[in-house]
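Q: What follows is a single structure, and I will ask about it in a moment.
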Amino acid sequence: MRRSLLKIATSALGLALALPTFAAPRDEAALAAFAAEVAAEHGLDAAQVAATLDKARYQQSIIDAITRPAEAKPWRDYRPIFLNDARIEKGRAFLAEHAEALARVEAETGVPAQVVVAILGVETNYGGITGKHSVLDALYTLGFHYPPRQAFFRGELKHLFALAKEQGLDATALKGSYAGAMGWGQFIPSSYRAYARDGDGDGRVDLWNSLPDVFASVANYFAAHGWRSGEPVAVPALLEDGREPYRPASLEAKYALAELAERGYSPQSGGVPDLAATVLNLEGRFGPEYWIAFRNFYVITRYNRSPLYALAVFQLSEMLGRSDSAAVAAR
Ligand SMILES: [Ca+2]
């Protein structure tokens, strides 16, 4: 009697554990319609697209990953992930090793070498972590089993098919992040198609194995989004005592410095050019932290919408150009 009760309990538990699989059935009709759409839009064979989609697998780990983003941390906890001595030293060595190739890209695009390297440092620890997820599985899972961003990821899945065709890649073999971002600079398929560039002139764009391609692509992304050579990114600011922080709805740099001064914000040091800007109000390690952020800061947020991300990239880029890493990393 006991034994059979235990058996019932065990099989009920087994059923419960198996539920996530049942909760993600393949919508074959939607997949067939999608395959026809992709084929029509990108001049592909619908049967081939369907055959590739047949190989896509639902991955619960992808859903788990997208529902806990790192950007939810306050700045004081986010900053040390990227602004630490190990990442700064590695970035400096990398910058020195590839100085010539980076200088060429900087001359062509106006995007500083240390900004390109900082992006690679924050995105993948200089190519060390480019992602182990199947890009096809990731975009299928998010496109067909994650309603909040279904439209976006179905769009990226379409771009993946087009990208594979254009670059002669096997869509089922590509690896990337849980959100389908690929290579050293973590380009999603639409960005890969629109902004990636062939830096070594071999006729294809390889963001996993060709550093000249990686450098040209990241710099081109910034140039295409309006990076302005020689302009500042952000400067530390003060908020007048007793003033409420101003929280703009967007990160667009659209306020004159005089307007920000009326709201109580001023640069911590002089010599700041009179360019349009916005303000950041952050929870720093030693309390509230304020920044005046310019257009180039906004351009970094086109790579990743988080202001914490953009500030980490900016500060890392600054550190790569200096020799006092310990002092700043300790802030
Ligand atoms: Ca190439």
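Q: Can you give the net charge of the other residues whose Cβ lies under 14 Å from the Cβ of TYR126, counting K and R as +1 and D and E as -1? Write down the numbers at each step before the final one.
A: Values: positive: ARG87, LYS90, ARG92; negative: GLU89, GLU97, GLU123.
So the surrounding residues net to 0.
Q: Between ASP202 and ALA32, take the C-beta separation as r, use R0 = 41 Å, and let me know the FRET efficiency to the nearest 0.05.
A: On the way: r = 37 Å, r/R0 = 0.91.
Computed FRET efficiency for ASP202 and ALA32 comes out at 0.65.
Q: Now a separate question. Can you give the charge dipole size of the chain about its Cα centre, rounded to the nearest 20 debye, using +1 on the beta carbon of Lys and Arg and -1 on the beta carbon of Asp and Glu?
A: Working: 34 positive and 37 negative charges, 266 e Å.
With Lys and Arg at +1 and Asp and Glu at -1, about 1280 debye.
Q: Which entries in LYS73/LYS254; LYS55/LYS165; LYS158/LYS254 show an alpha-carbon gap greater than 23 Å? Working shown, then result.
A: On the way: LYS73/LYS254 26 Å; LYS55/LYS165 17 Å; LYS158/LYS254 35 Å.
The pairs that break the limit, which is 23 Å between Cα atoms, are LYS73/LYS254; LYS158/LYS254.
Q: Give a quick list of chymotrypsin sites (Phe, Trp or Tyr not before Pro) in segment 238-289 that DSSP marks as loop, anything other than H, G, I, E or B, with at most 10 other Cβ atoms within 10 Å. It would help to have the intermediate numbers written out before the result.
A: Working: sites: TYR246, TYR255, TYR265, PHE286; in loops: TYR246, PHE286.
When the chymotrypsin sites (Phe, Trp or Tyr not before Pro) of segment 238-289 are filtered for loop state and at most 10 Cβ neighbours within 10 Å, PHE286 remain.
Q: Would you kindly work out the equivalent ellipsoid of segment 109-225 from its C-alpha gyration tensor and give its semi-axes, the square roots of five times the eigenvalues, largest first in whole Å? Intermediate results must be reported in sequence, preceding the final value.
A: On the way: eigenvalues 110, 45, 35 Å².
Equivalent-ellipsoid dimensions as semi-axes: 23, 15, 13 Å.
Q: Could you compute the FRET efficiency for ILE63 and ARG285, with r as their C-beta to C-beta distance and R0 at 35 Å, rounded to 0.05? If you can, show how the numbers build up before the last one.
A: Numbers: r = 33 Å, r/R0 = 0.94.
So the FRET efficiency works out to roughly 0.60.
Q: Would you mind giving the three semi-axes, in whole Å and largest first, of the ellipsoid equivalent to the chain according to its Cα gyration tensor? Mind showing how you got there, number by number?
A: Details: eigenvalues 319, 147, 76 Å².
Computed over the chain, the values are 40, 27, 20 Å.
Q: A further question on this structure: For LYS132 and ARG263, what is the calculated FRET efficiency with R₀ set at 41 Å and r taken between the beta-carbons, to the nearest 0.05? Don't skip to the end; give the middle numbers.
A: On the way: r = 46 Å, r/R0 = 1.11.
Calculated transfer efficiency: 0.35.
Q: Would you give the gap between the C-alpha center of segment 29-74 and the C-alpha center of segment 131-153, rounded to a whole Å?
A: 5 Å
Q: Note down the net charge around LEU44, summing +1 for each Lys or Arg and -1 for each Asp or Glu among other residues with Cβ under 13 Å from its Cβ. Don't skip to the answer; put the middle values down first.
A: Working: positive: LYS158, LYS165; negative: GLU37, GLU41, ASP45, GLU166.
Net of charged neighbours comes to -2.
Q: A follow-up question, please. Starting from the 7 Å offset along Cα-to-Cβ, what nm value, one decimal, do you get for the label separation of ALA96 and VAL272?
A: 3.4 nm
Q: Right, another one. Considering the options LEU120, ALA99, LEU157, tell which one lies farthest towards the positive end of the dipole of segment 56-186, charges being +1 on Lys and Arg and -1 on Asp and Glu at the Cβ, about the Cα centre.
A: So the residue we want is LEU157.
Q: Let me ask another. Using amide H atoms built in the peptide plane, which far-off residues or other-chain residues are under 5 Å from ALA234 H to H?
A: Residues meeting the amide H criterion: PHE294.
Q: Also, I was wondering about something else. At 222 nm, what helix-only mean residue ellipticity would the chain give, in deg cm²/dmol to the nearest 500, using -39500 (n - 2.57) for each DSSP H run of four or more?
A: Values: 16 runs with 178 residues, N = 331.
Calculated at 222 nm, the ellipticity per residue is -16500 deg cm²/dmol.
Q: Write out the trypsin sites (Lys or Arg not before Pro) in segment 21-118 meeting two conditions: DSSP loop, and at most 15 other Cβ atoms within 10 Å of their Cβ.
A: Sites meeting the loop and neighbour criteria: ARG26, LYS55, ARG57.
The numbers here are math on the coordinates, done by the rules we state, and not lab data. Since the structure is predicted, the reported quantities are computational estimates derived from the model, not experimental observations. All Cβ positions, even for glycine, are placed from backbone atoms using ideal geometry, and neighbour counts span all protein chains on display.
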